[in-house]
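*Asks:* Quick one: this structure, given as structure tokens, is what I'll be asking you about.
The values are calculated or read from the model by the stated rules, or taken from the named source; none is laboratory data. Worth saying up front: this structure is predicted, and the values here are computed from it rather than measured. Virtual Cβ from ideal backbone geometry, glycine too; neighbours counted across all protein chains shown. Protein only, heavy atoms only, side chains kept; ligands, DNA and RNA dropped before computing areas. Shrake-Rupley method; radii C 1.70, N 1.55, O 1.52, S 1.80 Å.
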Amino acid sequence: MSTEDRLRLAFVAMHPDRRRTLLGRHGSAGAVLRRIASGAIDVPATAKAAAAVSADERRTALAARGIEAVMAEDLPEQLAQLPEVPDVLFVRGTLPTQPGVAIVGSRRATTYGRTLARALGSAAGRHWPVISGLARGVDGAAHEGTVGVGGRGVAVLGCGIDRWYPAVHRRLGEKLLEGGGAVVSEYPPGTPPTGWRFPPRNRIISGLAEVVVIVEAAVPSGAMITARLALEQGRSVFAVPGDVDRQTSAGCNLLIRDGAWPVFGPEDLVASLGVSPEPPVDPPIALGPNGTTVDELAATLGVPVDEALRTVAQWELDGAVRRAHGRVLPGGA
């Protein structure tokens, strides 16, 4: 099929399943475009107008905004080889060729989930690209952990890559780009974050990864869709266990019951993926042989408990402390 016609069709912003069905029925992007122009294929008027713009005009406009339209055959191998590969992927930044670690979970994550996602993002980000969806909750926390250690992250959006969603994560997305990562979407610039566009992007998140880690997930949820797609794609699925009566832990606990690899923390993740942990370092503050509680630490540091929890998670990742029996202890204790 003509790459020009494929790019023009990408700007119609169809659901990928419909696009795939139409291509299978009519044989080429050019044939689909002709039927859209004649009205034989029904699309919104704005989509019909978008399909009429030439590929050269599109490429010029994309280049002016620092966006590249990458065809399926030019995508990283781990994604290009999948049967449901996006035909065109819009990219800002640099896509890693190395398979990454996807970390996903609930938008309504608990403090426990966000803290652990941030620590896992930091741990994975030291060694691999970290793939997630830039959503609130677990996804955003994982990306925060990645950029915090200078790692490379890829955010896969369910809207155009000129539309930060949620808007509050705009700066986080910019930090991913500044750190050598990428923001990608199969939907063209200008596409709004309509709800039905998000489930299909999960196959891209898992497709760019070798391992998918589910931190918190209800049943059903987008994270559970990602886990199912990951298994279909032959990826390894890890899950963080949680309280049996907590809704956001139900999905993870079911995944573990059905054979997913349990993850008990950042060191456990990197060890499971074959990286030896670094030797522990001294705690940044004196904890004493009996350690301290998080509440006491928050008071000592003069910060809220949530911030103290994030600080402890980072120290734990660095090997400076460990947690046991509700206390924060020196790492070598």
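*Asks:* In degrees from 0 to 90, rounded to the nearest 10, what is the angle of the helix 247-257 Cα long axis to the longest principal axis of the chain?
*Replies:* Once rounded, the angle reads 90 degrees.
*Asks:* A further question follows. Whole number please: convex hull volume per residue, Cα atoms of the range 88-190, in Å³.
*Replies:* Given the Cα convex hull of the range 88-190, per-residue volume reads 81 Å³.
*Asks:* Excluding ARG107 itself, calculate the net charge of residues whose Cβ lies under 9 Å from the Cβ of ARG107, where each Lys or Arg counts +1 and each Asp or Glu counts -1.
*Replies:* Residues near ARG107 contribute +1 overall.
*Asks:* In whole angstrom, note down how far apart the Cα centers of the range 68-89 and the range 191-264 are.
*Replies:* Comparing the Cα centres of the range 68-89 and the range 191-264, I get a distance of 22 Å.
*Asks:* Now, a different point. Give the Cα extents of the range 198-269 along the principal axes, in whole Å, largest first.
*Replies:* Here the Cα extents, ordered largest to smallest, are 30, 27, 19 Å.
*Asks:* Find the accessible area per residue for the chain; the probe is 1.4 Å, ligands and nucleic acids are left out, and the unit is Å².
*Replies:* Numbers: 14810 Å² over 333 residues.
Per-residue value: 44 Å².
*Asks:* Would you work out what percent of the accessible area of the chain, with all protein chains in place, is carbon or sulfur (probe 1.4 Å)?
*Replies:* 51 percent
*Asks:* Something else now. Give a residue-ordered list of calculated ³J(HN,Hα) values for the range 162-174 (Karplus: 6.51 cos²θ - 1.76 cosθ + 1.60, θ = phi - 60°; whole Hz; x for Gly, Pro).
*Replies:* Residue by residue, the range 162-174 yields 9, 10, 6, 9, x, 4, 5, 9, 4, 5, 5, x, 5 Hz.
*Asks:* HIS15: accessible area at probe 1.4 Å, nearest 10 Å²?
*Replies:* Result for HIS15: roughly 60 Å² accessible.
*Asks:* Give me the net charge for the shell around ILE225: Cβ to Cβ below 11 angstrom, other residues only, Lys and Arg +1, Asp and Glu -1.
*Replies:* +2
*Asks:* Place a +1 charge on the Cβ of each Lys and Arg in the chain and a -1 charge on the Cβ of each Asp and Glu, then give the dipole magnitude about the Cα centre in debye, rounded to the nearest 20.
*Replies:* The dipole magnitude comes to about 1060 debye.
*Asks:* Then there's this: Using amide H atoms built 1.01 Å from N in the peptide plane, name the residues 5+ places from ALA239, or on other chains, whose amide H lies under 5 Å from its own.
*Replies:* Close amide H contacts, sequence-distant or interchain: ILE214, TRP261, VAL263.
*Asks:* If you fit an axis through the alpha-carbon atoms of helix 16-26 and take the longest principal axis of the Cα set of the chain, what angle between them do you get, 0 to 90°, nearest 10?
*Replies:* Once rounded, one gets 30 degrees.
*Asks:* So what is the relative contact order for the range 188-265, in percent, with contacts set as C-alpha pairs under 8 Å and at least six apart? It would help to have the intermediate numbers written out before the result.
*Replies:* On the way: 115 pairs, mean separation 22.0, N = 78.
Relative contact order, the range 188-265: 28 percent.
*Asks:* If you look at just the Cα atoms of the range 36-88, how large are its Rg and its Dmax in Å?
*Replies:* According to the Cα coordinates of the range 36-88, Rg and Dmax are 14.3, 38 Å.
*Asks:* Using each residue's phi in the range 41-47, evaluate 6.51 cos²θ - 1.76 cosθ + 1.60 at θ = phi - 60° and report the 3J(HN,Hα) Karplus result to the nearest Hz, with x for Gly and Pro.
*Replies:* In residue order, the calculated couplings are 10, 7, 9, x, 4, 5, 5 Hz.
*Asks:* Still on this structure, please answer the following. What is the helix-to-structure angle for 198-207, meaning the angle in degrees between its Cα long axis and the longest Cα principal axis of the chain, kept from 0 to 90 and rounded to the nearest 10?
*Replies:* It is inclined by approximately 70 degrees.
*Asks:* Please compute the Kirkwood hydrodynamic radius over the range 1-117, one decimal place, Å, based on all pairs of different Cα atoms.
*Replies:* 16.3 Å
*Asks:* Whole number please: convex hull volume per residue, Cα atoms of the chain, in Å³. Could the numbers behind the result be given before it?
*Replies:* On the way: hull volume 44.4 nm³, N = 333.
Given the Cα convex hull of the chain, per-residue volume reads 133 Å³.
*Asks:* Sticking with this one: Taking amide H positions as placed 1.01 Å from N in the peptide plane, with prolines and chain starts having none, which residues 5 or more places from ALA13, or on another chain, fall under 5 Å of its amide H?
*Replies:* none
*Asks:* Turning to a different aspect of this structure: Kirkwood hydrodynamic radius of the range 128-265 from all distinct Cα pairs, in Å?
*Replies:* Across the range 128-265, the inverse of the average 1/r is 15.2 Å.
*Asks:* With every protein chain left in place, what is the accessible area of VAL312 in Å² (1.4 Å probe, nearest 10)?
*Replies:* Spelled out: VAL312, probe radius 1.4 Å, area about 0 Å².
*Asks:* Would you pull out the residues with amide H under 5 Å of GLY179's amide H, same chain only if 5 or more places away, H placed 1.01 Å from N?
*Replies:* none
*Asks:* Pairs of alpha-carbon atoms within less than 8 angstrom and 6+ residues apart define the contacts here; what relative contact order does the chain have, in percent?
*Replies:* So the answer I get is 14 percent.
*Asks:* Taking 8 Å as the Cα distance limit and 6 or more residues as the minimum spacing, I'd like the relative contact order of the range 1-149 as a percentage.
*Replies:* 18 percent
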